[in-house]
Every structure is written in C-alpha cells, then in structure tokens.
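The values are calculated or read from the model by the stated rules, or taken from the named source; none is laboratory data. Note that this is a predicted model, so its numbers are computed, not measured. All Cβ positions, even for glycine, are placed from backbone atoms using ideal geometry, and neighbour counts span all protein chains on display.
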Amino acid sequence: MVPGYLVEVPRFVQQHSLAAWPAMEWRPRAVVAHVAGFGKPVVIGQFRTTELATIWKRVAERSPRNEHRVVAWQAVHGCLPVRDLFYRRRLAQVRTCPREGCGAEETVSHVLWDCGYARRVRTLVMGVFGKFVSVGDVTKDFVVYGLLARNYGVVDGACGWVLACCLKVALWRARNLWVAKRVALSDQEGRALMMGLVREYVGSDRRRWGEPYVQRTWKGLG
Ligand SMILES: [Zn+2]
C-alpha cells in the first residue's frame with residue numbers, strides 16, 4: 001500500500017510544471033516561491049498570460065481558412081505590412097494612413113479598427129455579427145485579437161471568429177487595392193467583399209454537411 005501523500009507528489013509536480021526543474025533548484029523556499037506565483041496572470045505587452053492563451057488558441061483555430069489565419073496571425077503579431085511598420089524600420093518616408101482625409105498613423109489596429117473606413121464598414125456588418133455574438137462584444141480586442149468578453153457556445157463563438165477574420169481580410173484587401181491600384185472601394189463594396197468571404201464558408205459547409213446544418217449553424221447567412 002502506497003501512502004496517499006506519495007500519490008499526490010507526481011500530481012503536484014505535474015500541475016506546477018516542476019518536472020523539468022534541475023535537482024539543484026529543489027530548495028523549499030524556491031519551490032514555495034514558484035508555487036505561490038504559479039497560475040497568476042502575468043502581463044505581457046498589453047495582455048495577461050490568460051488572455052494570450054485565448055489569443056493563440058484563436059489564431060490556431062482550424063475553422064478559418066489559411067489566408068485568413070495568416071492575416072489573424074499577422075494582426076496579433078502587429079506585423080501586417082502597414083506603413084507604421086515600414087516607417088519604424090526606415091523603409092518608408094511616411095507613416096500616415098493612405099486614406100484621403102485620414103492622416104492618422106497607419107498601425108495594424110488603425111487599419112482593422114480605428115480608421116474611418118474600418119468603422120463605417122463595421123457599422124454595416126454589425127447586424128451580421130449580432131446573429132452570433134452580442135454587438136457590444138464586437139470590440140477591437142475581439143476583431144483584432146479574438147478576445148471575447150464572455151463565453152459563447154462552440155458554434156456561435158467559432159462563427160463569430162470566422163466573421164472577425166473575414167472582416168479583417170476584407171479591410172486589408174480594400175486597403176491594398178487603394179494603395180497598389182488606387183481603387184477606392186465604397187463602404188458598401190467593403191461590406192460586399194466581407195460578405196463574399198463569409199459566403200465562401202457557408203458554401204463549403206453546405207457542400208460538406210448539407211442544408212440543415214447550414215441553416216442551423218449560419219442562421220440564414222449565404
Ligand atoms: Zn485611416
């Protein structure tokens with residue numbers, strides 16, 4: 001018969017990530033200090049570790065298609081090739097948003113959230129978001145980083161995140177059309193671009209899972 005406390009030891013070691021500790025570090029005081037701090041959220045950048053876990057989980061989710069996941073990943077890393085990124089590396093002369101009359105610094109969150117164009121397109125698609133998440137939860141943290149203020153069901157949460165990815169990709173494509181070709185999409189065209197991307201998801205789910213699934217999951221979209 002093994003004493004109960006000996007059974008608890010391996011569990012304790014695993015729970016507190018102590019398995020990789022070198023033997024030299026196993027001093028009572030060090031262990032107590034480690035355990036006391038374990039699991040407490042650490043702030044990295046603007047986010048706590050608990051939030052970072054959610055952010056990376058979202059980026060790694062398989063539901064958005066590859067291009068969308070790449071944009072999501074770049075958004076989280078702040079490395080979408082916006083002017084501010086180039087300017088800070090002395091690769092661009094200006095860091096301002098190329099949209100006429102905007103003039104703000106073109107950062108990742110500017111393109112995807114703060115810019116007037118992003119704001120207007122977002123307003124047009126709020127009703128679509130509202131089918132899956134609360135409109136109040138469609139925040140910058142959600143659209144750019146995938147952080148929702150509250151938990152939603154698996155399906156609604158996943159659809160909400162796919163919508164956020166479609167919005168980001170649409171805004172990024174619209175921005176690039178303007179920068180590269182001077183093609184200015186109207187607000188409605190920006191909305192149409194996003195909804196076209198959403199319909200691709202709906203269409204592929206319809207082919208794969210059938211109409212009843214699509215009706216249940218996508219709530220009349222596409
Ligand atoms: Zn702007």
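General remarks:
- Residue within the range 36-55 that is closer than 27 Å to V169 by Cβ, within 20 Å of the chain's Cα centre (by Cα) and at pLDDT 80 or above present: no
Okay, residues lined up against (1) loosely packed, with under 14 Cβ neighbours inside 10 Å; (2) not in a helix (DSSP H, G or I):
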position: A92; (1), (2): no, yes
position: P98; (1), (2): no, yes
position: G101; (1), (2): yes, yes
position: W113; (1), (2): no, no
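- Yes/no for R191 being surrounded by fewer than 21 Cβ atoms within 10 Å (Cβ to Cβ) and in contact with a helix residue (DSSP H, G or I) (Cβ under 6 Å, 6 or more places away or on another chain): yes
- In the condition set (1) over 21 Å from R182 (Cα atoms); (2) out of contact with any helix residue (DSSP H, G or I) (no Cβ under 9 Å at 6 or more places or on another chain); (3) of a type in the set (A, V, I, L, M, F, W, C), V138 is compliant with all but (2).
- When residues in the range 98-113 are screened for being more than 17 Å from S186 (Cα to Cα) and either among the small types (G, A, S) or near the ligand (Cβ under 8 Å from one of its atoms) (or both), 5 of them pass.
- Close pairs from the range 96-108: first touching a residue at least 40 places away in the same chain (Cβ under 8 Å), partner in a loop (DSSP other than H, G, I, E, B) and within 9 Å of the ligand (Cβ to nearest atom), Cβ under 9 Å, at least 6 apart: P98/E106; R99/E106; R99/C115
- Filter result (in a helix (DSSP H, G or I) and over 22 Å from the mean Cα position of the chain (by Cα)) within the range 185-203: D187, Q188, E189, G203
- Flag if V169 is more than 15 Å from the ligand (Cβ to nearest atom) and within 19 Å of K219 (Cβ to Cβ): no
- Within the range 41-57, residues that are more than 19 Å from Q74 (Cβ to Cβ) reach partners that are modelled with pLDDT under 60 with beta carbons closer than 7 Å, at six or more positions or on different chains, in the pairs R48/P41; R48/V42; T49/P41; T49/V42; T50/P41.
- For the range 146-159, the criterion of a residue being charged (D, E, K, R), buried (at least 20 other Cβ atoms within 10 Å of the Cβ) and at pLDDT below 95 is satisfied by no position.
- Members of the range 124-145 found to be without any contact (Cβ under 8 Å) to a residue 40 or more places away in the chain, away from the ligand (no atom under 15 Å from the Cβ) and not in a loop (DSSP other than H, G, I, E, B), listed by number: M126, G127, F129, V135, G136, D137, D141, F142, V143
- Y117, sole failed condition from (1) farther than 30 Å from R216 by Cα; (2) aromatic (F, W, Y); (3) more than 16 Å from the ligand (Cβ to nearest atom): (3)
- Among the residues of the range 77-87, those identified as assigned to a helix (DSSP H, G or I) and modelled with pLDDT of 85 or more are R83, D84, L85, F86, Y87.
- Residues satisfying the stated conditions in the range 55-68, i.e. in contact with a helix residue (DSSP H, G or I) (Cβ under 9 Å, 6 or more places away or on another chain), within 18 Å of D141 (Cβ to Cβ) and surrounded by fewer than 16 Cβ atoms within 10 Å (Cβ to Cβ): W56, A60
- For R90, the conditions (1) more than 16 Å from the ligand (Cβ to nearest atom); (2) touching a Phe, Trp or Tyr at 6+ places or on another chain (Cβ under 8 Å) all hold with the exception of (2).
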